[in-house]
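The structure appears below as structure tokens.
The values are calculated or read from the model by the stated rules, or taken from the named source; none is laboratory data. On a predicted model such as this, the values are computed, not experimentally measured, just so you know. When we count neighbours, we look across all protein chains shown, and the Cβ atoms used for this are built from the backbone with ideal geometry, even at glycine.
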Amino acid sequence: MISIQAEDVDIGALIAGAKRPGMGAIVVFDGIVRDDDIREMELEAYRDVAEKELGEIAAEAKAKFGLLSVDIVHRVGRLRVGENILVIVVGAAHRQEAYGGSRFIIERIKAGVPIWKKEIRRGGSTWVEGDHR
Amino acid sequence: MISIQAEDVDIGALIAGAKRPGMGAIVVFDGIVRDDDIREMELEAYRDVAEKELGEIAAEAKAKFGLLSVDIVHRVGRLRVGENILVIVVGAAHRQEAYGGSRFIIERIKAGVPIWKKEIRRGGSTWVEGDHR
Amino acid sequence: MKARVRFFARFRELLGAEVIAEPAPGTSFLTLIRDVTRGNGEGHDAVFDEGGAFREHVILMRNGKRIEATDAGETMIADGDEIAVFPPVSGG
Amino acid sequence: MKARVRFFARFRELLGAEVIAEPAPGTSFLTLIRDVTRGNGEGHDAVFDEGGAFREHVILMRNGKRIEATDAGETMIADGDEIAVFPPVSGG
């Protein structure tokens, strides 16, 4: 499942759905809204392109790390502190590939997928430029 | 939560419960029974010592990686292919610490915590010695 | 000839989410975006520097694929193109 | 004097989960485990080599803390000790 969506995601269900024959390890990355003096976060995506690029990153990670499953859900819209922003679930035969694939995917998303975050504070709001987590 | 238990664990609930002020990233490792021609797996622990050691590993990982939360649940008893064996949930301000802490914990568990796995096959069963995932 | 120009994040706030432009054949990427941002001082200055070149951090796409800002003067718009102009990404 | 000797995994299958032993004062770790495994050929051979030393992969604990097999001959059992003998771990 590759999705850019406003709705939250059921991580437990994603994990259960990721299981495949031959799988021995699943690694989940969950990026959440951190309370750096912010009230809320607003996320915007160039949706068609971002979904296409997430799909390409997933395919590349599968090939490179021999992953048996990849799910990526990226939220958009207004999120409160503590809410899930991005959930990546990867499954592999062994933990080395699962960790490596997960890390590869998050770094690729941070580096290039057209999604933006705006931090909303009491005194105003600012677009985040580049990597902050 | 540090636990050695026969019951399965609700990973979604563990993640929700792990969230803390200042947290920006959660990494979950889920080790599952892989179908290497096995029918079931039997897990045995030296329970008191294993729980104590898991607690020490969690504390060490928190200090070393600045983790904001650590949960470790290790199953014992009979498990079928695809079932969760070990779930590690770590939360940190940033993803680097979360991945680093997660990896540190799993490697330490594999290296030394007194828990054993027996693979049950049609033709017989064998104790796993050392690291196989 | 029609082309859709989309802006995101900070650029969207300054310039609007999208403009449907009707460039003449032979219009370059650079010229089209200059035309579309003309008359919006703050928006134009967010995208272009004093010399009229794209600011270093500006990212350009044509139909979902990156194009280099340095090629934008020689890249001609085709009918139906979707052009995107945005600041550095920060997803994840 | 009482001591509890626990076996795990493959050793448990061969030797039983635990033995409550009553060693004489001054009994070493090594002697206690030899005594407890005596008479169980397969179990004894899983833990000890032909020369009567602990096999290389055997792990020993006293009250939840590792002790080196090479120290087991000089380490004396105290009343109430919990001794554990097990093969390499494979959890996770």
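To keep it simple, each residue is scored yes or no on (1) within 14 Å of chain C (Cβ to nearest Cβ); (2) on the phi > 0 side of the Ramachandran plot; (3) crowded, with 16+ Cβ neighbours inside 10 Å.
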| position | (1), (2), (3) |
| --- | --- |
| A:Gly82 | no, yes, no |
| A:Val87 | yes, no, yes |
| A:Ala93 | no, no, yes |
| A:Tyr99 | no, no, yes |
| A:Ser102 | yes, no, yes |
| A:Arg108 | yes, no, yes |
| A:Ala111 | yes, no, no |
| A:Lys118 | yes, no, yes |
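Give the residue, chosen from D:Ile33, D:Ile83, that is assigned to a strand (DSSP E or B), more than 10 Å from chain B (Cβ to nearest Cβ) and surrounded by 13 or more Cβ atoms within 10 Å (Cβ to Cβ).
From the options D:Ile33, D:Ile83, the qualifying one is D:Ile83.
Which one of C:Ile83, C:Ile77, C:Ile20 is within 29 Å of A:Leu79 (Cα to Cα), at pLDDT 95 or above and of a type in the set (A, V, I, L, M)?
C:Ile83
Each row is one residue, and each column tells you yes or no for (1) closer than 28 Å to D:Phe7 by Cβ; (2) without any contact (Cβ under 8 Å) to a residue 40 or more places away in the chain; (3) more than 16 Å from the chain's Cα centre (by Cα); (4) not in a helix (DSSP H, G or I).
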{"position": "B:Arg20", "(1), (2), (3), (4)": "no, no, yes, yes"}
{"position": "B:Ile26", "(1), (2), (3), (4)": "no, no, no, yes"}
{"position": "B:Phe29", "(1), (2), (3), (4)": "no, no, no, yes"}
{"position": "B:Ile38", "(1), (2), (3), (4)": "yes, no, yes, yes"}
{"position": "B:Val49", "(1), (2), (3), (4)": "yes, no, no, no"}
{"position": "B:Ile57", "(1), (2), (3), (4)": "yes, no, no, no"}
{"position": "B:Gly82", "(1), (2), (3), (4)": "no, no, no, yes"}
{"position": "B:Ile85", "(1), (2), (3), (4)": "yes, no, no, yes"}
{"position": "B:Gly100", "(1), (2), (3), (4)": "no, yes, no, no"}
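Among the residues in segment B:63-78, are any of a type outside the set (D, E, K, R), within 14 Å of chain D (Cβ to nearest Cβ), more than 30 Å from D:Arg4 (Cα to Cα) and over 11 Å from the mean Cα position of the chain (by Cα)?
no
Give D:Gly39, D:Gly80, D:Gly92 a once-over and let me know the one that is out of contact with any strand residue (DSSP E or B) (no Cβ under 8 Å at 6 or more places or on another chain) and on the phi > 0 side of the Ramachandran plot.
Only one candidate qualifies: D:Gly39.
Assuming D:Thr70 fulfils every condition listed in (1) modelled with pLDDT of 95 or more; (2) out of contact with any strand residue (DSSP E or B) (no Cβ under 8 Å at 6 or more places or on another chain) apart from one, which condition is it?
(1)
Has segment B:108-125 got at least one residue that is part of a loop (DSSP other than H, G, I, E, B), within 21 Å of B:Arg34 (Cα to Cα) and modelled with pLDDT of 95 or more?
Looking for residues that are part of a loop (DSSP other than H, G, I, E, B), within 21 Å of B:Arg34 (Cα to Cα) and modelled with pLDDT of 95 or more, one finds at least one in segment B:108-125, hence yes.
Can you name every residue in segment A:67-97 that is over 11 Å from A:Phe29 (Cα atoms) and touching a Gly at 6+ places or on another chain (Cβ under 8 Å)?
A:Leu67, A:Leu68, A:Ser69, A:Val70, A:His74, A:Ala92, A:Ala93, A:His94, A:Arg95, A:Glu97
Restricting the search to segment C:1-44, which residues are in contact with a Gly (Cβ under 9 Å, 6 or more places away or on another chain) and over 17 Å from C:Val58 (Cβ atoms)?
Within segment C:1-44, C:Met1, C:Lys2, C:Ala3, C:Arg4 qualify.
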